[in-house]
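Student: Below you will find the structure I want to go over with you.
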Amino acid sequence: MLAIKLRPIGKKKQISYRIVVNEKRDKLNGKFLEDLGWYNPHTNKFLVNKDRVQHWIKSGAVPTDSVHNILITAKVLEGAKIPLHKKSKQEPSTQPSTEPVAKAATEVVAEAAIEAPAAE
């Protein structure tokens with residue numbers, strides 16, 4: 001099965017991505033079928049070859065969630081973006097929280113700052 005993926009290129013901490021067509025289970029650093037564009041997450045800029053992307057989607061290639069969101073921003077695809085959630089490093093509490101997540105995270109950071117000893 002073909003997939004449209006982000007292939008990492010560049011140096012550490014300065015990474016950017018190529019948008020490529022590849023087998024779903026193939027390694028990212030191996031050969032790919034076609035280069036469809038690029039994406040730079042530091043500047044949120046991208047370039048996509050719309051005609052070739054539409055050709056590969058008609059041929060059965062399925063974009064990954066991140067590429068799907070880039071293609072919607074580029075107006076190659078229509079529809080809603082797929083939410084991408086990052087995992088939290090905090091341990092889950094035993095009781096469900098009724099407060100919004102953003103407010104709870106802000107309170108944890110504020111409490112940590114108060115507990116830090118003052119430098120003399």
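The values are calculated or read from the model by the stated rules, or taken from the named source; none is laboratory data. Fair warning: this is a prediction, and the values are worked out from it, not measured in the lab. All Cβ positions, even for glycine, are placed from backbone atoms using ideal geometry, and neighbour counts span all protein chains on display.
Student: For VAL62, only one of the following conditions fails: (1) more than 21 Å from HIS85 (Cα to Cα); (2) more than 15 Å from the chain's Cα centre (by Cα). What is its number?
Tutor: Unmet for VAL62, out of (1) more than 21 Å from HIS85 (Cα to Cα); (2) more than 15 Å from the chain's Cα centre (by Cα): (1).
Student: Looking at GLY30 and the list (1) in contact (Cβ under 8 Å) with a residue 12 or more places away in the chain; (2) of a type in the set (Gly, Ala, Ser); (3) surrounded by fewer than 13 Cβ atoms within 10 Å (Cβ to Cβ), which single condition is not satisfied?
Tutor: (1)
Student: Also: Looking at (1) at pLDDT below 90; (2) among the hydroxyl-bearing types (Ser, Thr, Tyr); (3) part of a helix (DSSP H, G or I), which is the one condition that is false for SER66?
Tutor: Going through the list (1) at pLDDT below 90; (2) among the hydroxyl-bearing types (Ser, Thr, Tyr); (3) part of a helix (DSSP H, G or I), SER66 breaks only (1).
Student: I'd like the full set of residues that are part of a loop (DSSP other than H, G, I, E, B) and under 18 Å from the mean Cα position of the chain (by Cα), limited to segment 12-26.
Tutor: The answer is LYS12, LYS13, GLN14, ILE15, LYS24.
Student: If you go through segment 33-49, how many residues are within 20 Å of ILE72 (Cβ to Cβ), surrounded by 14 or more Cβ atoms within 10 Å (Cβ to Cβ) and not aliphatic (A, V, I, L, M)?
Tutor: Residues in segment 33-49 being within 20 Å of ILE72 (Cβ to Cβ), surrounded by 14 or more Cβ atoms within 10 Å (Cβ to Cβ) and not aliphatic (A, V, I, L, M): 6 in total.
Student: While we're here: Where residues in segment 27-53 are under 18 Å from ASP65 (Cβ atoms) and in a loop (DSSP other than H, G, I, E, B), which of them is farthest from the chain's Cα centre (by Cα)?
Tutor: Among those residues, the one meeting the criterion is LEU28.
Student: Another question about this same structure. Quick check on my filter: what residues within segment 54-63 are surrounded by fewer than 14 Cβ atoms within 10 Å (Cβ to Cβ) and either out of contact with any strand residue (DSSP E or B) (no Cβ under 9 Å at 6 or more places or on another chain) or assigned to a helix (DSSP H, G or I) (or both)?
Tutor: Across segment 54-63, the qualifying residues are GLN54, LYS58.
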